[in-house]
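Enquirer: Take this structure first; my questions come after.
The values are calculated or read from the model by the stated rules, or taken from the named source; none is laboratory data. Nothing here was measured: the structure is a model prediction, and the numbers come from that model. No Cβ is skipped: glycine too gets one built from the backbone with ideal geometry, and neighbour counts run over all protein chains shown.
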């Protein structure tokens, strides 16, 4: 009898649980496909790195480090291996690239050994330690100092043997390979300075570069300016001359200190205050008129009032008229205050400071005055 494959029994579980179980069973194959694809790509790179590394090691064993360095560096970039990095550092040291080579050897020695290291890895670490011990004493140093440059070192650019140097290394010992080195310093507004120095094995060389100001850089014309001695054409003047727009009023005229003149808002405040008072008074008379009307409604039947109510009727009418006039005057006062606020000119002190500007032909600001009387309102001013 054939035995059927045993499957998880999920029929008796709730629907939500069954869906979760089925999703968990189906997910691993999808994840496995992606992981296998990544593993295949990594395996291909590892195999290629191994092949290139073997070629580089053969060249290094044959004493052809100048050719081996490129292959060993490419193999290390594809897949890191302490053995390959150690042989790369050895060849770099043999070619006189002591700084770069010793750093690669130190990386090999800084790596922790596995629990049971192979004999190949142990020998690679021993070789790296031996080569590093012999090479580190041959490294020289350059101490670069720049004088006369800009105050901010961020504007400096230091180049050593064609490679930019961090300005944080100025006035500090910078490791250097034995041999000849070219140092160049540049900064905006200064002449460039350069020096050529030879460093022996283990020698420390001090290099001082002086940056002199370039007078031509200070007076150099801007791209929009015509060359000295030539008159600008009308087209050039039209393109690069900015004509300031005319001012509509002296409300924004600068004072002697170059700041905007202080505006005179007295008229606006007076108009607003008068309007507020008129509205408040109108409200009071309106309440009195309403109260009087209520009393008359109780005394007068069918709009016919007795003679004794004549005084009360006149008072109610007067209160109603005053309420209407005052409320209207209050609205006009508030409106005039708003107009005065946006059209206010400079104060007297600011006007005195800007007298010269006013004499040059600018328009004088509107100076308005509001007046309010019983049942009357008006505006007067100088233009």
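Enquirer: Return the only residue of 114, 150 being out of contact with any helix residue (DSSP H, G or I) (no Cβ under 7 Å at 6 or more places or on another chain) and farther than 28 Å from residue 182 by Cβ.
Expert: On the way: 150 fails: farther than 28 Å from residue 182 by Cβ.
Selected residue: 114, the only one of 114, 150 that is out of contact with any helix residue (DSSP H, G or I) (no Cβ under 7 Å at 6 or more places or on another chain) and farther than 28 Å from residue 182 by Cβ.
Enquirer: Just checking, how many residues over region 270-287 are buried (at least 17 other Cβ atoms within 10 Å of the Cβ) and over 53 Å from the mean Cα position of the chain (by Cα)?
Expert: If we filter region 270-287 for residues that are buried (at least 17 other Cβ atoms within 10 Å of the Cβ), which is where we start, we get 270-272, 274-275, 278-279, 281-282, 285-286.
Checking the rest, the ones that are also over 53 Å from the mean Cα position of the chain (by Cα) come to 278, 281-282, 285-286.
Result for region 270-287: 5.
Enquirer: When residues of region 59-75 are filtered for being surrounded by fewer than 24 Cβ atoms within 10 Å (Cβ to Cβ) and closer than 12 Å to residue 49 by Cβ, how many remain?
Expert: Residues meeting the conditions: 3.
Enquirer: For region 334-346, name all the residues that are touching a residue at least 24 places away in the same chain (Cβ under 8 Å) and under 18 Å from residue 264 (Cβ atoms).
Expert: If the condition is that a residue be touching a residue at least 24 places away in the same chain (Cβ under 8 Å) and under 18 Å from residue 264 (Cβ atoms), then 336, 337, 338, 339, 340, 341, 343, 344, 345, 346 are the ones that fit.
Enquirer: Please find, within region 159-184, the residue that is nearest to the chain's Cα centre (by Cα) out of those that are within 20 Å of residue 212 (Cβ to Cβ) and at pLDDT below 95.
Expert: In this case the residue turns out to be 167.
Enquirer: I need the helices (runs of 4 or more DSSP H) fully contained in region 210-301, keeping only those with at least 3 residues that are at pLDDT 75 or above. Walk me through how you get there before you give the answer.
Expert: Numbers: elements: 215-218, 234-240, 266-299.
Result: 215-218, 266-299.
Enquirer: Residue by residue through region 189-209, note down the ones that are touching a residue at least 24 places away in the same chain (Cβ under 8 Å), part of a strand (DSSP E or B) and either more than 38 Å from the chain's Cα centre (by Cα) or closer than 30 Å to residue 134 by Cβ (or both).
Expert: The answer is 197, 199, 204, 205, 206, 207.
Enquirer: Which residues, counting only those in region 307-344, are buried (at least 20 other Cβ atoms within 10 Å of the Cβ), under 55 Å from the mean Cα position of the chain (by Cα) and under 14 Å from residue 276 (Cβ atoms)?
Expert: Answer for region 307-344, where residues must be buried (at least 20 other Cβ atoms within 10 Å of the Cβ), under 55 Å from the mean Cα position of the chain (by Cα) and under 14 Å from residue 276 (Cβ atoms): 329, 330, 333, 336, 337.
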